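The values are calculated or read from the model by the stated rules, or taken from the named source; none is laboratory data. Predicted model only: the values in this text are computed from it and were never measured. Note: ideal-geometry Cβ built from the backbone for every residue, glycine included; neighbour counts use all protein chains shown. Areas reflect the complete protein model, heavy atoms only, side chains present, ligands, DNA and RNA absent. Shrake-Rupley method; radii C 1.70, N 1.55, O 1.52, S 1.80 Å.
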Amino acid sequence: MLHSKNPIVDEALGALAFTPDIEAETSEIYARLKGKVSAIEWQIQAPLIAAINRLKREKNAVVLAHNYMTPDIFHGVGDYVGDSLGLAREAAKSDAKIIVQGGVHFMAETSKILAPEKTVLIPDLRAGCSLASSLTGEQLRLIKQRYPGLPVVSYVNTTADVKAETDICCTSANAVQVVEWAAKEWGVDRVILVPDEFLARNVARQTHIGIIAYRGACEVHERFNAQDIADVRAAHPNAVVLGHPECPPDVIAACDFTGSTTAMADYVTQNKPKQVVLITECSMADNVTADAGDGVEFLRPCNLCPHMKRITLEGIYASLLTMTHEVTVDAAIIDKARLSVQRMIDMPPTATPARYDMIKARHHVDVELIS
Ligand code: 13P
Ligand code: SF4
């Protein structure tokens, strides 16, 4: 039997059973999870999925599930699934009273900033992010003093305090577009882009705007190296290699396509390569399988994000049942941070998915690293 630390949750978990009704109710979801979940696992997951979906209806709640959630969450209970930008857009326009963030803490804070009147829950408060914890609002204030007059573009993987010191946020889906918008709007030829050094370097390859970058890194993507790509190409010469722009620039230079998590998923479902490698978090491949069809084989390597993996079906169930853990952001911080997030949301969608096409990159790379 599943256990939590809360007797109310334990009692509710104990009452869940894999009945014929539950089996029928969840059969379509099971079909999407083909090959990812065993029949035995499904007997535990199906009742939880049914119970979560029931609670969502009763409480007028939605689950915003990031592409890195495990497939049981992504396909079973996610009302909206996607990349950071897509989830932020959904938080801003959702009619639900409660948002359960299937993702990490900065994503829940972003939802709260965009929808302060809603209750935003995160199933596990320990779901952090190495990028978000690499820079504080106080550090960013000091950086701004060193570069007066330059706009601050912050990756959305930042705390609310950092967003409050930011002129406009960006995600991997729109970073080049946002950097160019900020330079034009401020009438300058350099911008501050924090905290991800690799994203900043990858963006710098795509624009003439000078970039002032910080030394933050994603602990998942920084572990990939160019040898990983060389090895996979030697073993599978026809495989298409897709990488997330949080990877080091030499990794991105060796990839065939680079984009946000949703841009990578779209690439696979639209192009259906026979063999594909997703240089990113491992759950991506599991989640894309259902839409990619049987003709696409997903190859390794991939890395797990320990923070994303803190979010589980049991955690989501407990979160909705007990209304924990509520994510709060100081009203004054929300007021200051909202402009930077809203500016990003209001950017027109790019005509084609954001690409960081290193093969075609010709620009002089001008990155100053903040010491
Ligand atoms: P996306 O915005 O591409 O979904 O990426 C978020 C993230 O945390 C990647 O590590
Ligand atoms: Fe943060 Fe990296 Fe995990 Fe994304 S994958 S949440 S950037 S630690």
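About its Cα centre, the dipole of the chain is roughly 560 debye, where the only charges are +1 on Lys and Arg Cβ and -1 on Asp and Glu Cβ. Label positions at Ile40 and Val188, each projected 7 Å from the Cα along the C-beta direction, are separated by 5.9 nm. Quick one: accessible surface of Ser27, probe radius 1.4 Å, all protein chains present, in square angstrom to the nearest 10. The accessible area comes out at roughly 60 Å². Note on Lys34: aspartates and glutamates with a C-alpha under 17 Å away, same-chain residues under 8 apart excluded, are Glu23, Glu25, Asp72, Asp286, Asp291, Asp294, Glu297.
When only the Cβ of Lys, Arg, Asp and Glu is charged (+1, +1, -1, -1), the dipole of the range 71-134 relative to its Cα centre reaches about 160 debye. In percent, rounded to a whole number, the relative contact order of the chain is 21, using alpha-carbon pairs under 8 Å and six or more apart. Computed on the range 182-292, with alpha-carbon pairs under 8 angstrom and 6+ residues apart, the relative contact order is 22 percent.
Under a model in which nothing but the beta-carbon of Lys, Arg (+1) and Asp, Glu (-1) is charged, the range 267-345 shows a dipole of about 280 debye around its Cα centre. Between the alpha-carbon centers of the range 203-272 and the range 1-53, tell me the distance in whole angstrom. Spelled out, the Cα-based centre of one part sits 36 Å from the other.
Pairs over the 25 Å Cα-Cα cut-off, from the set Lys59/Lys336; Lys59/Lys112; Lys56/Lys118; Lys274/Lys309; Lys5/Lys56: Lys59/Lys336; Lys274/Lys309.
Computed extension length for Thr350-Gln145: 70.6 nm, one decimal, from 0.36 nm per residue of separation with the Cα-Cα distance subtracted.
Working from label points 7 Å from Cα in the Cα-to-Cβ sense, the Gln275 to Thr328 distance is 5.4 nm.
The stretch between Asp291 and His208, if pulled fully straight at 0.36 nm per residue, gains 26.2 nm over its current Cα-Cα span. Residues Lys274, Lys36, Lys97, Lys309, ordered by accessible area of protein heavy atoms at a 1.4 angstrom probe radius and largest first, appear as Lys274, Lys97, Lys36, Lys309. Hydrophobic long helices, here whole DSSP H runs in the chain with Kyte-Doolittle means of at least 1.0 and Cα atoms spread over 20 Å or more along the helix axis, are not found. Surface composition of the chain: carbon plus sulfur atoms contribute 51% of the solvent-accessible area (1.4 Å probe, protein chains only, all chains present). Heavy-atom accessible area for Trp186, with the other protein chains in place and a 1.4 Å probe, reaches approximately 80 Å². In the chain, the calculated helix contribution to ellipticity at 222 nm averages -13000 deg cm²/dmol per residue, counting -39,500 (n - 2.57) for every DSSP H run with n ≥ 4. Karplus-based coupling profile of the range 64-79, in residue order and whole Hz: 9, 10, 6, 4, 8, 5, 5, x, 4, 6, 4, 8, x, 10, x, 7, with θ = phi - 60° in 6.51 cos²θ - 1.76 cosθ + 1.60 and x standing for Gly or Pro.
Rolled with a 1.4 Å probe across the full set of protein chains, the surface gives Tyr80 an accessible area near 80 Å². Let a ≥ b ≥ c be the square roots of the eigenvalues of the Cα gyration tensor of the chain; is it rounded (a/c under 1.5), or, if not, prolate (a/b larger than b/c) or oblate? Oblate is the answer for the chain, as a/c is 1.5 or above yet b/c matches or exceeds a/b. Among the GluC sites (Glu not before Pro) in the range 92-181, those located in a DSSP loop and surrounded by at most 11 other Cβ atoms within 10 Å of their own Cβ are Glu117. Selection among Thr26, Ile44, Gly259 by position relative to the dipole of the chain gives Gly259 as farthest towards the positive end (Cβ unit charges, Cα centre).
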